[in-house]
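Working notes for the structure below.
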Amino acid sequence: MSENKVAAPAKKLRFMPQLAGRPYLGLSLTLAVIVIMILWPLVTGKDITRETVFTILLSVTLASSLNILLGYTGYVSFGHVVFFGLGGYVGFYLLAIQGWSLWMAMLAGGLSSALLAYLLGRAILRLRGAYFALATIGINEAMRAFINNFKPFGGPIGMTLNFQVYRDYGGASQALWMVFYTMGALTLLAVTVSFFVRTSKFGLGLLAIREDEDAAEVMGVVAPKAKTWAYVLSAIFPGIIGVLFFFKNGSIEPAPAFRLHFSIETIVMVMLGGQGTVLGPVVGSGLYQGIRGYLLTSAIFKNIQLAVAGGLLLLIVLFVPDGVIGWLRHRFPFLRRVLQ
Amino acid sequence: MDFILASVIDGLLLGFVYGVAAMGLTLIWGVMNVINLSHGPIIALGMFGVYLIFGAFSLNPYVAILIVAVLGLVLGVAIYYVAVQRVINAPHLSTLLATFSVNMIIIGLGTAIFSASPRNVEFSLGSLTLGPITLLGTRVVAAFAAMLVAGALYLFLYRTRYGRYIRAVANNRDAAELMGVPSNRILALSFGLGTMLAAIAGGLIATFFPFTILAGGAYELKSFVIGVLGGLGNPIGALFGGLILGVLEGIIPTFMPTTWVPVVEFLLFVLILLVRPQGLFGAKS
Amino acid sequence: MNRKLLVILMLLMVSLFVACGGDDAAAPAAVDEPAPAEESAAPAEEAAPEEAAPAPETQTIVVGYTASQTGSQNVSSTRQVNGLMLWMNQVNAAGGLELSDGTKIMFDHVSYDDESNTDRVQELYTRMATEDDATFLISPYSSGLTAAAAVIAEQYGKVMVTTGAASDSTYQQGLTTVFQAYTPASRYLTGAVDLLAQLDPTVKKLAFVYENSKFSTDVVNAAKAYAESLGYEVVLHEGYDPETTDFGPFINKLQDAAPDAILGGGHFQDGSTFARQINEKNLEVNFLTLLVAPPEPDFADLGDAALGVIGPSQWEPQAAFTKASADEAGMEFYGIESDQFVIDYEAAYDGEEPSYHSAGGYAAGLLLEKAIVDADSTDPVKVAAALDAMDLLTFFGHIKFDTTAESHGLQIGHSMVYIQWQEDGGNLGKQVVWPAEGATADALYPMP
Amino acid sequence: MILQVEGVGKQFGGLQALLDVTFDLPAGQILGLIGPNGAGKTTLFNCINGVYAPSAGRVIFRGEDVTASKTYDMAHRGLARTHQIVRPLNELTVRENVTVGACFGREGHTLGKASQIADEVLAFVELSDRHDQLAGSLNVGQKKRLEMARALAAQPYLLLLDEVLAGLNPSEISRMVDIVKRIRDERSVTIIMIEHVMHAVMNVSDRIIVLDYGEQIAEGSPEEVANNPKVIEAYLGDPELAEQLLNE
């Protein structure tokens, strides 16, 4: 390992924003990119652009959240979709059956995911490496199977929303725009949270855990607590946007809510952009959705889009494990100030 | 009573086949600490292999399984050299994602070629009625075949030179290398054996259940559960793990709705990971 | 330094825009339709509408739908699409529809493969409603996928005629633009219970083993309530997950509960597998009714396992819905007659026998056509109003929609028939066994 | 007394790694811990700083019983250590590594204050010019000093140094010995050091404890220990060689 690092160019820039010349440049850049994305559908005036950007924003939020655990803390959560699904379910139940407002339901969805993460965290974060990854898969599958049998949540057929609900939000087409802007706001918030975690003392502790958990503990990082909070933080936004997503969908069922593949796609986005960086998940999500959209619609690749995506992933894992942003940071040290 | 007996026997017969699938997964983990996320698609390829050979040449499915086994071995070795070798010492995330990308490639190509529509190997060995219990011929044969495979694996690992090499590499790769074991080739062979077992399990399942190219996913998850039950890295433990899972799948539906089976399975899985990660029968530490 | 930053900023934006824009630019390549044999001969107009007819009066209406070309629903879905395309080709071959102002309406379609996957359905219906400018939508096959599509139709205010989607619950969500061609799920098995009562009044114990899907759950909930109201005892009531391939546990439970009759199933794949495994396991059963699978001609592939199995059907070739029968009942008749539909369908698809899914597909198109004619317009609001007002007989049967706010669009005119696979001179064949007035044979009871 | 170790023992399965180790350490001393490989020195460190829970005995730190505390508790209480095999946080910069020590150590400083301390400590161990390099890219000697800096940044009361001289060349050794002395003198940090480089440990230690097969076989001033025949026998094996070493 160490031989590789010797070759790395000397870094001249400082990492901590409060010490750097312009502390929030990286954050501002990232947020600017997202704001432009949010405004893009207004420019084109097309519904389909809004739908595409919505998908990207959703991915950015999920990827940025996962990055707190995966990139900063070094724990591979393969079943992270469990928070999306559970939050979505709790919120949807409150919304559709109990008649709560969307906002309260989203809050409740986020909180229930956070609570699940807190309870789980104390138990499964003791596991390391592949064992942790396996446990997260097990939890997701157990949760899916449980919800599949849980009658208040509709069991296997899930729940549907009565369309009258959209009237409270100005009709169906108004509601779609509202959902979109809410998604945008949440994305900005999630990325901002990710940035402040990355540049905080708490975040430094997480990075130390990622590099060497035992050594970090010897230095005084209370790893069990820090890991649990990282887990909780990485669960909140998936829970909130789960509610928003299924509100938009109008129905929720166990299979789409707890689709393991969805977690893995999110990991791929984080990897593609560069794990452990703030901008990485944003770029990774955009790239991934762009590639996926292209493959799905291309005449040549549409039938084998999954295979092509798999091939790309393999190339990234084998040859660019640091992702786009990680690679740029290594290759062009002067970019480290901007590409955080 | 008949009801419970019939359920347990059904479960047990299936359990042998689950065991073979899980042996493949756990062998790879034991030798190289890689969780093979392409396990499911390879099981599905085993199913399709038998389906195609049976359909095209009208070969007996059990002969077809022999051919599928060889192909599975070759495929596994190829996957090792292409996708795994380079990241074998990298953090777990890399091997997980590398094997997952193989999963995507197989599923992607498989869906394009075979579509996601269900298939059936139209093959029957009739059934065997013993008092209140009716056993399907194909399932009985599959259970025997699974026992044979497990026995052969045991003999291979403990009675042959390459088997000893594999165990040596599993134990301590560096030390084995120093003693002159060609560790990279042994790793490739182990990966191939793991996928071969998966393909065989798929072939056996295809003789009695319908399947799609996506069908392997469920058996992959079962293999995780079994692997953890029997101790990850312990192929013989996996066979017992398979039997336990099979019996659970038989017994649970006798007193609660069948759809609760996966809830119990996965809770057990997480619980064992937390409490006894070395599995019920111990494994390499 | 600032210039470098600027360059990076621009690069990032460009890459993201490419990512967003890529989706806008290209549409998923439309699926290749299973080409009906007559297509090549028929619609020359379709190929070059501007030249064939004077431009101002011809309007081409795009109908959007997805098909499960792959995935678990592919058998039934393919039949449904075949039926729909037969309708479209026939309308276009006949020169389209003519409105009172002289405008000619031609139909075109846009469709994608939904892979029997809910997420895909929503993505694709959104695309059809926005990007592909589909004026009207036809549902995908199956209640689960249709519920997903209905949300999009409602969100974008598109009229959608559903077919192959019986679940009642979808229509109790406050939909306003979705109309159901099928008899709803709640009336799928009630007739089977009546049939059983007639065949053997001594029977008391029933078992329901059914797929955990929207459709089958709606069916079984209604049938169970009905059976219990008639004094039947339900000794087993259990759902199985849609991807189930091993019915062993359920068959063991059935053996243990020893019901006189088994009702249930779900869709084609699981239903066939269930029937096959019941047969393999030599389960003693007198009366077996399964959803969806038995009426499909492909069910005959099961051989012995199919014999005696009963299934509810939305339509059978033997059904005699003709102009004459409509006149007799004092109802309006519209479109093709049953006999002609069978002949045209077999001619178009190399002798493939139509199933009720095929008929449903054709009927969905036919209803849309009729609504446009009645509305004398393609305006969605007017067409929806015409559908609301519709009450007529077609080759598919009686059609009338619920117009109450609670269950708007629910089919209330149409009703089911029941078929059973029987042996006739060594050949397996479907016979209509219920209702008695339309029966072509007596039901085999107990089943062989 | 800053540290009291009372009858500490540690067993791994059938192996008795430590048996009944007892000593007191007054503040301000440098205590040398020597013994052959496998004598249990690092195990003793691990029992003191909470990596292992001792199987027997008590550890009292600054008057409080801290037996079987977590490592991070010990860090917060003012105990810091280095590792025999260095454990840099490879993908973080040198400065970030040291900042971690300051942030999460005894004082639990804020990020801003911690990085000031990091700069100061890096200057103290003469690593300032490397502060922006990734820790993984340092050479062994630099990594040893990084370990030391990280531990110091925590501003501990007691510092456990595990073979900080191993693998260093003679000039690096004298530089490091100098640093160790200055830590005690300028920063009034009490130190226990495990060391194999005899002349160095004899030179800096106020007192020395000798372990052999997990047992404490001698304790005393460097001279006493060096002349203890039991020590010479057990640890140094060949008395003549021992003498030679001592005279170096």
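FYI, it's all coordinate maths here, none of it is from the lab. Bear in mind the structure is a predicted one, so any value in this text is a computation, not a measurement. All Cβ positions, glycine included, derive from the backbone under ideal geometry; neighbour counts span all protein chains shown.
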Query raised in the report: What does the helix-only formula give at 222 nm for chain B: each DSSP H stretch with n ≥ 4 adding -39500 (n - 2.57), the total divided by the residues, and the result rounded to the nearest 500 deg cm²/dmol?
Result: -25000 deg cm²/dmol
Query raised in the report: Which percentage, to the nearest 5, of the DSSP beta bridges contained in chain C is antiparallel?
Result: 35
Report task. Rank by packing, highest mean first: peptides A:213-223, C:366-376, with packing defined as the count of other Cβ atoms within 10 Å averaged across residues. Result -> A:213-223, C:366-376
Query raised in the report: What ³J(HN,Hα) values, in whole Hz, does the Karplus curve 6.51 cos²θ - 1.76 cosθ + 1.60 give for region A:285-300 when θ = phi - 60°, with x put for Gly and Pro?
Result: 5, x, 4, 4, 5, x, 4, 4, x, 4, 5, 5, 9, 6, 5, 7
Query - Cα radius of gyration and Dmax for region A:23-257 (Å) - result: 18.4, 58
Query raised in the report: Over region C:377-444, what number does the Rg to Rh ratio reach, with both radii from the alpha-carbon atoms and Rh per Kirkwood?
Result: 1.22
Requested in this report: Output the direction-averaged projected area (hull surface divided by four) of the convex hull of the alpha-carbon atoms of region B:79-172, in nm².
Outcome: 10.7
Report summary line: Taking the convex hull of the alpha-carbon atoms of chain C and averaging its shadow over every direction gives an area in square nanometres of 26.8
Query raised in the report: Peptide C:234-243: average number of partner chain Cβ atoms within 10 Å per residue?
Result: 4
Query raised in the report: According to the Kirkwood expression over distinct Cα-Cα pairs, how big is the hydrodynamic radius of the protein assembly as shown, in Å?
Result: 34.3
Report task. For region C:429-441, take each phi angle, set θ = phi - 60°, evaluate the Karplus expression 6.51 cos²θ - 1.76 cosθ + 1.60, and give the result in whole Hz per residue in order, putting x for glycine and proline. Result -> x, 8, 10, 7, 10, 7, x, 3, 5, x, 5, 9, 7
Query raised in the report: Per residue of chain A, what 222 nm ellipticity follows from adding -39500 (n - 2.57) for every DSSP H run with n ≥ 4, rounded to the nearest 500?
Result: -23000 deg cm²/dmol
Requested in this report: Using only the Cα atoms of region A:57-119, build the gyration tensor, take square roots of its eigenvalues as a ≥ b ≥ c, and label the shape rounded, prolate or oblate: rounded if a/c is under 1.5, else prolate if a/b is larger than b/c, else oblate.
Outcome: prolate
Requested in this report: Could you please rank A:201, C:400, placing first whichever residue has the fewest other Cβ atoms within 10 Å of its Cβ?
Outcome: C:400, A:201
Query raised in the report: Taking springs between alpha-carbon atoms closer than 10 angstrom, which of A:205, A:138, A:88 fluctuates most in the Gaussian network model of chain A?
Result: A:138
Query raised in the report: Ratio of Rg to Rh for chain D, alpha carbon only, Kirkwood?
Result: 0.97
Query raised in the report: For chain D, what is the relative contact order in percent, using Cα pairs closer than 8 Å and at least 6 residues apart in sequence?
Result: 24
**Report entry** Under 5 Å, built H, 5+ apart or other chain: amide partners of residue D:207
**Finding:** D:30, D:32
Requested in this report: May I ask you to evaluate 6.51 cos²θ - 1.76 cosθ + 1.60, the Karplus curve with θ = phi - 60°, for each residue of region B:6-13 and list the ³J(HN,Hα) values in order in whole Hz, giving x for glycine and proline?
Outcome: 4, 5, 5, 5, 3, x, 4, 4
Report summary line: Note: A:310-322 gets an average of partner chain Cβ contacts (10 Å, Cβ to Cβ) equal to 6
**Report entry** Of D:60, D:48, D:30, the one that fluctuates the most in a GNM where chain D has Cα springs shorter than 10 Å
**Finding:** D:60
Requested in this report: May I ask you to derive the relative contact order of region A:23-257, considering only C-alpha pairs under 8 Å and at least 6 residues apart, and to give it as an integer percent?
Outcome: 39
Requested in this report: Give me A:97, B:205, A:267 ranked fewest to most by other Cβ atoms within 10 Å of their Cβ, as a rough exposure proxy.
Outcome: A:97, A:267, B:205
Requested in this report: Find the relative contact order for chain B and round it to a whole percent, using C-alpha pairs within less than 8 Å whose residues are 6+ positions apart.
Outcome: 40
Query raised in the report: Which order do B:25, A:176 fall in if you start with the one that has the fewest other Cβ atoms within 10 Å?
Result: A:176, B:25
Query - Taking only Cα atoms of region B:28-77, radius of gyration then Dmax in Å - result: 12.6, 40
Query raised in the report: Add -39500 (n - 2.57) for each DSSP H run of 4 or more in chain C, then divide by its residues: what number comes out at 222 nm, to the nearest 500 deg cm²/dmol?
Result: -12500 deg cm²/dmol
Requested in this report: Please sort C:81-88, A:276-283, A:125-132 by packing, taking for each peptide the average over its residues of neighbouring beta carbons within 10 angstrom, highest first.
Outcome: A:276-283, C:81-88, A:125-132
Report summary line: In units of 2.2 N^0.38 Å, the Cα radius of gyration of region B:3-147 is 1.21
Requested in this report: Provide the packing ranking of D:21-29, C:183-191, i.e. peptides ordered by the mean count of other C-beta atoms within 10 Å per residue, highest first.
Outcome: C:183-191, D:21-29
Query raised in the report: Distance from the Cα centre of region C:155-187 to that of region C:370-448, in angstrom?
Result: 14
Query raised in the report: Most mobile of B:21, B:44, B:198 per a Gaussian network model of chain B (Cα springs, under 10 Å)?
Result: B:44
Requested in this report: Report the label-to-label distance for residue D:178 and residue D:15 in nanometres (one decimal), using points 7 Å from each Cα along the Cα→Cβ vector.
Outcome: 3.9
Query raised in the report: Which cross-chain or sequence-distant (5 or more) residues have an amide H under 5 Å from the amide H of residue D:81, H modelled 1.01 Å from N in plane?
Result: D:160
Query raised in the report: What is the average number of partner chain Cβ atoms found within 10 Å of a Cβ in D:103-112?
Result: 5
Query raised in the report: Given H placed on each backbone N at 1.01 Å, which residues far from residue C:174 in sequence or on other chains put an amide H within less than 5 Å of it?
Result: A:163, C:408
Query - In nm, spacing of pseudo-spin labels at residue B:281 and residue B:63 (7 Å Cα→C-beta vector) - result: 3.4
Query raised in the report: Between residue A:164 and residue A:36, 0.36 nm times their residue separation minus their Cα-Cα distance comes to what?
Result: 42.8 nm
